[in-house]
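Throughout, read-outs are computed from the coordinates displayed, never taken from laboratory work. Predicted model, so just to flag it, every value in this text is computed and none were measured. Please note: Cβ atoms are built from the backbone with ideal geometry, for glycine as well, and neighbour counts cover all protein chains shown.
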Amino acid sequence: MAHMIALLFAMLFVIAPALLLWLTHTRSWAQKTGIIVLCYLAGLTLGNSGMIPAEAAAVQDQLTDLSIAMAMPLLLFTLDVRQWRHVAGKALLSMLCATTAVVGVASALFFLLRDSNSESAAHFSAMAVGVYTGGTPNLAAIKAGLDIPDSRYLLFHSLDTLVGSLYLLLMLTLGIRLFRRLLPARQTGTAGAVTPGSTEHFDSDDYRPLLSPANLPGAIKPVALAALVVLLSLGISRLLAHSLGTGQSAAMMIVTLTTLGIALSLLSQVRAWVLSYKLGMYLIYVFCFVVASKASFAQLAQVDMTIIAFLFGTVAGSLVLHALLCRLTGIDSDTFMVTSIAAVCSPPFVPMMARALGNPATILSGMTTGIIGYALGNYLGISLGLFLQSL
């Protein structure tokens, strides 16, 4: 009986995000809310309803680990690393400035706030670097790699949604006038020649192709390869952890997953599996739903002002520092703004910023630098987290 209950809840956890995606396509309020927020709200509601039996606890833990492990290679398979060299030098330099700013500010805030709780401050720094250079997939991977408690992760991501919304509103309104005054005028022409069509699947929220029987072979191949990558990464990380005498096999596994995913993306046959990215993002939605179902409202109500100060400080401080670095290096205002949006909010928000700027030439460079952030976010976040924890 216990096995049957566990199986039923496993199916529920996997299918629920599909129902929420359906809502985003059929209800305007759901589309405005966003699939990530819906997954968290639905998961929290289910988890605090008292309907999840004790027999499902193991399923929740297993799905949390498995979904993020499978998602990372699936997301990375469709990267075209070789196209990065075609991105305009100014855009790459701006992304480097954005990354430097986030790492610098997050590290500084760690030293300011670590007296209250050194471990949590290190976790906040790592998650901030991951999410503000890449996005939700990186945040989830860092949570798994550093074994961050569910309540701490969920609280961080929930507040990040609020802070990110305020940041986006600022950039789309006052930010355009402000930064066009403070930074050099925008450049005319293209902002980086990326192969047409090489990034549009990162901007699509249409998951209906996953339901088409004709696309089943195209879905099986990346899933099978991702499973192989997970098994190899598990073996390599355990071997390295044993040989080095450390207990950080989870962090090593995420780094190994990222490395193997990028390496396999160099193969044109693997990059051609465009459904791979959608499969990976769907697993991220499963991860969000399951993690939220493990948290309690009582835990989330105990909001520490430290994390609020940390998030606002990281976003505001890194934005100011990024703008200063761009001013010193002569980067134009529009390139600064699209790369900032790509880093803080992730690539899908770049077209929105480009439209607000009236400069569609910035879309490709913004999207591509954001995708670079996806690839680098795990390395930066986990490395910084491990370093700060060792201090």
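Rounded to the nearest 10 degrees, what's the angle between the helix 57-76 long axis and the longest principal axis of the chain, both from Cα atoms, 0 to 90?
With both axes taken from Cα atoms, the answer is about 40 degrees.
With a/c under 1.5 counting as rounded, go ahead and sort the stretch 19-102 into rounded, prolate or oblate using the C-alpha gyration tensor (a ≥ b ≥ c being the square roots of the eigenvalues; past the cut-off, prolate if a/b is larger than b/c, else oblate).
It is prolate, given that a/c is not under 1.5 and a/b is the larger ratio.
If you rank T99, T256 by fewest surrounding Cβ atoms within 10 Å, what's the result?
Working: T99 24, T256 21.
Fewest-to-most ranking of T99, T256: T256, T99.
Go through 28-35, 334-341, 5-12, 69-76 and give me the packing order, highest mean Cβ count within 10 Å leading.
Per-residue mean Cβ counts within 10 Å order the peptides as 334-341, 69-76, 5-12, 28-35.
For each of K294, K143, count neighbouring Cβ atoms within 10 Å of the residue's Cβ, then give the residues from fewest to most.
Lowest to highest Cβ neighbour count: K294, K143.
Please work out how many pairs of lysine residues in the chain are eight or more positions apart (or on different chains) and have Cα atoms closer than 23 angstrom. It would help to have the intermediate numbers written out before the result.
Details: K32/K278; K143/K278; K143/K294; K221/K278.
For the chain, qualifying lysine pairs total 4.
With angles folded into 0 to 90 degrees, how steeply does helix 216-244 sit against the dominant principal axis of the chain? Use alpha carbons for both and round to 10.
Once rounded, the angle reads 90 degrees.
For each cysteine in the chain, check whether another cysteine's C-beta sits under 4.7 Å from its C-beta; list those where none does.
C97, C326, C345
Counting just the Cα atoms, what span does the chain cover along each of its three principal axes? Round to the nearest Å and put the largest first.
Principal-axis extents of the Cα atoms in the chain, largest first: 67, 55, 50 Å.
In what order do D61, D115 fall by count of nearby beta-carbon atoms within 10 Å, going from fewest to most?
Details: D61 13, D115 8.
So the residues, fewest neighbours to most, are D115, D61.
Whole number please: convex hull volume per residue, Cα atoms of the stretch 63-165, in Å³.
Value for the stretch 63-165: 116 Å³ per residue.
What is the helix-to-structure angle for 305-329, meaning the angle in degrees between its Cα long axis and the longest Cα principal axis of the chain, kept from 0 to 90 and rounded to the nearest 10?
The angle comes out near 30 degrees.
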